[in-house]
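Here's the structure, in structure tokens; my notes come after.
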Amino acid sequence: MAISPYLRRLRERVGHELVMLPSVAVMIFDEAGRLLLVRAREFDRWQTVGGAIDPDESPADAAVREAQEESGLEVELTRVIGVYGGPLFRLVYPNGDVCSYTAIAFAARARGGAIRPDGDETVDVAWFTREAAARLSMAPHTRLLVDEAFRHDPATRFDPPGWRPAG
């Protein structure tokens, strides 16, 4: 798992205990309406492009940085899809670290670059239709974010009440 120097220092003090982290998810769509997803090395599941916001970094800057790092694409952010958190966004990593994320989901479009996994956090990158994405192995919080992105609702959402993963 790639870990920022800030989080590494924090983990040295608190060990595996729960840490709350602000994060971004970047929903990059192509001209055909497909969503770019990455396969995470650590969990061997498909997930959205994104990650933690570094100290003093703006959410928009974090989204652009994470998109470039994880997918190889330079992106333009087009809107905020929503802001999400709660029990669904608590993750326990294989090493025992526990994090509770508050995620800001951005819609975006590619402006340059070429898709490629980073070889560290991501081992695959691909475009998916809504139907194809529904068949992928992903965590429940990722499923929520993907479902929200494919709604293409211009209104910003906040933790859809009663949301449950399909299937």
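Things worth noting here:
- Pick from region 25-61, criterion of a type in the set (D, E, K, R) and part of a strand (DSSP E or B), ranking: surrounded by the fewest Cβ atoms within 10 Å (Cβ to Cβ): ARG45
- The lone exception for PHE158 - which of (1) at pLDDT below 95; (2) surrounded by 13 or more Cβ atoms within 10 Å (Cβ to Cβ) it fails: (2)
- Qualifying positions in region 2-33 - among the aliphatic types (A, V, I, L, M) and under 17 Å from the mean Cα position of the chain (by Cα): ALA2, ILE3, MET20, LEU21, VAL24, ALA25, VAL26, MET27, ILE28
- Condition broken by PHE43, with the remaining ones in (1) more than 15 Å from the chain's Cα centre (by Cα); (2) over 26 Å from ALA155 (Cβ atoms) satisfied: (1)
- Restricting attention to region 96-130, the residues that are farther than 21 Å from GLU76 by Cβ and of a type in the set (Gly, Ala, Ser) total 3.
- Within the option set VAL146, VAL75, VAL98, VAL64, being more than 14 Å from the chain's Cα centre (by Cα), buried (at least 20 other Cβ atoms within 10 Å of the Cβ) and of a type outside the set (Asp, Glu) holds for one residue only, VAL75.
- Scanning region 122-135 for residues that are of a type outside the set (D, E, K, R) and either more than 18 Å from GLY50 (Cα to Cα) or at pLDDT below 95 (or both) returns THR122, VAL123, THR129, ALA132, ALA134.
- Taken over region 127-142, the criterion of being out of contact with any helix residue (DSSP H, G or I) (no Cβ under 9 Å at 6 or more places or on another chain), surrounded by fewer than 14 Cβ atoms within 10 Å (Cβ to Cβ) and either free of Cβ contacts under 8 Å to residues at least 24 places away in the same chain or assigned to a helix (DSSP H, G or I) (or both) is satisfied by GLU131, ALA132, ARG135.
- Output for region 5-19, where each listed residue is under 9 Å from ASP97 (Cβ atoms) and free of Cβ contacts under 8 Å to residues at least 24 places away in the same chain: GLY15
- Check on LEU91, touching a residue at least 24 places away in the same chain (Cβ under 8 Å), part of a strand (DSSP E or B), touching a Cys at 6+ places or on another chain (Cβ under 7 Å) and not small (Gly, Ala, Ser): yes
The values are calculated or read from the model by the stated rules, or taken from the named source; none is laboratory data. Keep in mind the model is a prediction, meaning the values are calculated, not measured. With ideal geometry, Cβ positions are generated from the backbone for all residues, glycine too; neighbour counts draw on all protein chains shown.
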